[in-house]
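As structure tokens, the structure follows; a few thoughts come after it.
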Amino acid sequence: MNEQPLWEVFIRNKQGLDHKHVGSLHAADARTALESARDVYTRRMEGISIWVVESRYIHASSPEDSGSFFDPANDKVYRHPTFYKLPDEVQYM
Amino acid sequence: MDTEALQKEFDEKIEKDIKIEPKDWMPAEYRKTLIRQISQHAHSEIVGMLPEANWITRAPTLNRKLILIAKVQDEAGHGLYLYCAAETLNITREEMQEQLLSGKAKYSSIFNYPTLTWADMGAIGWLVDGAAIINQIPLCRTSFAPYSRGMIRICKEESFHQRQGYQILLTLAQGSKEQKAMAQDAINRWWWPSVMMFGPRDADSPHTKQSMAWKIKRFSNDELRQKFIDMCAQQVEVLGLKIPDPDLKWNEERKHYDFGEIDWDEFWSVVKGYGPCNEERMSARIAAHENGKWVRDAAMAYAAKQDAKSKSSTDKTSTKISKNE
Ligand SMILES: [Fe+2]
Ligand SMILES: [Fe+2]
């Protein structure tokens, strides 16, 4: 079967913002993927820049291991400003 | 983790309204139900382009024509968002396509009715898209994340569909006697099929209970149908037209409109393939798929050729670099 590969689409809505994943589509090559992404995902000026990447090139962390994978961040509350209690008199901090 | 623990984790997520992502563990039946529902929904968007496409070349003004094209194009987009959401559940686009074209998969029966006059574009926008919106808004909160994300995108686009339809009817209703009659005739023909869009009565809908427990569906068919009827009963008055149901009446006690009995024989017969346009719709889809084959093949052949070309040119660059070393 002559299946067109799957592409993930990322769009920047506005100058200064990150590209954000919006969905996927099938296309024969990068150029048609970009054109289809424009037609499918930006019909109402939702974007000023599009990235497409073939889905098979994306590596993802697995949800089953997410517990241990993100574990190192779990017990480090001191990384958050709210961990530090300061006297009320201190201003602008 | 064993299945029991995974099931427990899944149940907790559903309970706490935490969305399920494609790679998360999910019960096989949940996956199956979603594949069926999302792909049927996608097919409906795609087949749903046909009745309206019928009027693009005959729209009464250039403005109406542009609007109708934009709406039909949106429906194509909705189909694509939904196919993508279904694909995250491990079914391929080709399989879904095959299910639709072989008649194995269903799509919304409403699209098996013909569009006889321009006023039908108004009635479809107002009633059919209106019913779709009522169905789709709660689906923005459905438990499967890609479906929910797709629905949020779709709902943003739908409201223009309903409004443009209503405006077509409003214009006709304020026009000549013939135009007003044409608008009324369209409502007469589209009303009951639209009411049927919400599916069988709760008592006859075997999947509803489980789908609601999984929070795939958030309201039952009858609840959504009532909401739709209440909404239309008010809006039709502004048009100065009538809903073709002699039993439609405000019920002060229920705080809802009562309505007449739905012709369930008609409903099931259209579902089973005996509607006025089932065959026509399917043959149009099959023809579109077959006639587009050479385009898809050419695109793939071109991509392969470009790929080969760029590979051979990178090979050259890398040899050049190693020579310089
Ligand atoms: Fe739609
Ligand atoms: Fe629509």
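Quick note: the coordinates plus some simple rules give every number you see, no bench work behind them. On a predicted model such as this, the values are computed, not experimentally measured, just so you know. Don't worry about glycine lacking a Cβ; one is built from the backbone with ideal geometry, like all the others, and counts go over all protein chains shown.
Below, the figures for the structure above:
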read-out	value
Longest segment of chain A lacking GluC sites (Glu not before Pro) that sit in a DSSP loop with at most 12 other Cβ atoms within 10 Å	A:4-88
Formal net charge of residues neighbouring B:Ile137 (Cβ-Cβ distance under 10 Å; K, R +1; D, E -1)	+2
Sparse-neighbourhood loop sites, GluC sites (Glu not before Pro) in segment B:228-299 - DSSP loop, at most 11 other Cβ within 10 angstrom	B:Glu252, B:Glu253, B:Glu261
Over 32 Å between alpha carbons, listed pairs A:Lys76/B:Lys13; B:Lys23/B:Lys156; A:Lys20/A:Lys76; B:Lys242/B:Lys272; B:Lys19/B:Lys311; B:Lys104/B:Lys209	B:Lys19/B:Lys311
Full-extension gain in nm, B:Trp25 to B:Glu4, via 0.36 nm per residue minus C-alpha separation	6.4 nm
Options B:Ser211, B:Leu80, B:Leu239, ranked by Cα towards positive dipole end of chain B, top entry (Cβ charges)	B:Leu80
Computed over segment B:242-321: relative contact order in percent, which uses C-alpha pairs under 8 Å that are six or more apart	12
Within the protein assembly as shown: Cβ-based charge dipole about Cα centre, in debye rounded to nearest 20 (Lys, Arg +1; Asp, Glu -1)	1400
Among B:Thr117, B:Ile262, B:Ala303 - extreme Cα towards positive end, dipole of chain B, charges at beta-carbon	B:Ala303
Chain B - percent relative contact order, Cα under 8 Å, separation 6 or more	18
Within 10 Å of each Cβ in B:296-306, the average number of Cβ atoms from other chains	4
Separation in nanometres of the label points that stand 7 Å from Cα toward Cβ, at A:Val77 and B:Lys209	4.5
Set of segment A:21-53 residues, backbone N closer than 13 Å to the point 7 Å along the Cα-Cβ line of B:Ile152	A:21-23
Only Lys, Arg (+1) and Asp, Glu (-1) charged, at Cβ; segment B:1-58 dipole about Cα centre in debye	380
Chain A - percent relative contact order, Cα under 8 Å, separation 6 or more	27
Nonlocal amide H pairs with B:Ser143, under 5 Å, H built at 1.01 Å	B:Ile216
Shielding of A:26-34 by partner chains, average beta-carbon count, 10 Å	4
Degrees separating the helix A:30-41 axis from the principal Cα axis of chain A, which is the longest one	70
For chain A, size of Cβ-based charge dipole, Lys and Arg +1, Asp and Glu -1, in debye	400
Qualifying trypsin sites (Lys or Arg not before Pro) in segment B:38-127, DSSP loop, other Cβ atoms within 10 Å at most 14	B:Lys104
Neighbour cut-off at most 12 other Cβ (10 Å), DSSP loop, trypsin sites (Lys or Arg not before Pro), segment B:183-278	B:Arg254, B:Lys255
With at most 12 neighbouring Cβ atoms within 10 Å, loop trypsin sites (Lys or Arg not before Pro) (DSSP) excluded, longest segment of chain A	A:45-75
Distance (nanometres) between label positions extended 7 Å along Cα→Cβ at A:Arg43 and B:Asn54	2.1
